[in-house]
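Asker: Provided herewith is a single structure, encoded as structure tokens, for subsequent inquiry.
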Amino acid sequence: MDGKNELLEQIRAVDFALIDLNLYLDTHPSCENALKDFRVLAETRERLYKQFVEKYGPLMAVNGATEDCWLWINNPWPWDTMKWEELKGGMANVGLRQENRVSDKY
Amino acid sequence: MWVYDKKTEYPINIKKSDPRMAKLILTQYGGPNGELAASLRYLSQRYAMPNKESKAILTDIGTEE
């Protein structure tokens, strides 16, 4: 796995745990263990997120602007991970053609 | 309000294309008993909640879905 995916995987894992803790804390707002875990993970997330954005570009639109460039619209989007060749066979059945994929031309 | 994060919440690894399964999954997302409908129900129900815990949990479950 390359560095980008590895880092994204870490962020994803931390975010997933944060979502779960968030829901738990909503109904257990004074649970000390959960509060501690949440604080630690939120800090970790902050650090990993920053690292990712500096190296590989924005994950959220709010980080999308540089001085002269709107990075947010750049690929990949989450659904851009498969190679087109792998999809082509099946996609022919639902009426999509390779030449329709505008995103590949830019 | 909705804020988009350019990543999935959980990793997906699609190994081959399967339009029939894709159709099923789309229905689970957007169909009459899908995630989208459920999330909007949570977000409507929260307005009738009597305490802060239940307002928060319905808001956050609706958001997560």
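The values are calculated or read from the model by the stated rules, or taken from the named source; none is laboratory data. All values derive from a computational prediction rather than experimental measurement. Because the Cβ atoms are built from the backbone with ideal geometry, glycine has one as well, and the counts that use them run over all protein chains shown.
Asker: Condition first: more than 11 Å from the chain's Cα centre (by Cα) and of a type in the set (S, T, N, Q). Now tell me which residues in the range B:34-60 satisfy that.
Answerer: B:SER44, B:GLN45, B:ASN51, B:SER54, B:THR59
Asker: Can you work out which of the residues in the range B:1-37 that are acidic (Asp, Glu) and within 7 Å of another protein chain (Cβ to nearest Cβ) is farthest from A:TYR56 (Cα to Cα)?
Answerer: Per the criteria, the residue is B:ASP18.
Asker: Take the conditions away from every other protein chain (no Cβ under 11 Å) and surrounded by 14 or more Cβ atoms within 10 Å (Cβ to Cβ) and apply them to A:ALA13. Does it pass?
Answerer: Answer is no for this residue.
Asker: Give the residue, chosen from A:GLY90, A:GLY57, A:GLY3, A:GLY95, that is on the phi > 0 side of the Ramachandran plot and at pLDDT below 90.
Answerer: A:GLY95
Asker: Additional query: Tally time: how many residues in the range A:37-50 are touching a residue at least 12 places away in the same chain (Cβ under 8 Å), within 14 Å of the chain's Cα centre (by Cα) and away from chain B (no Cβ under 14 Å)?
Answerer: The number of residues fulfilling the criteria is 0.
Asker: Would you mention how many residues in the range A:51-76 are without any contact (Cβ under 8 Å) to a residue 24 or more places away in the chain, exposed (fewer than 13 other Cβ atoms within 10 Å of the Cβ) and either in a helix (DSSP H, G or I) or of a type in the set (A, V, I, L, M, F, W, C) (or both)?
Answerer: So the count comes out to 6.
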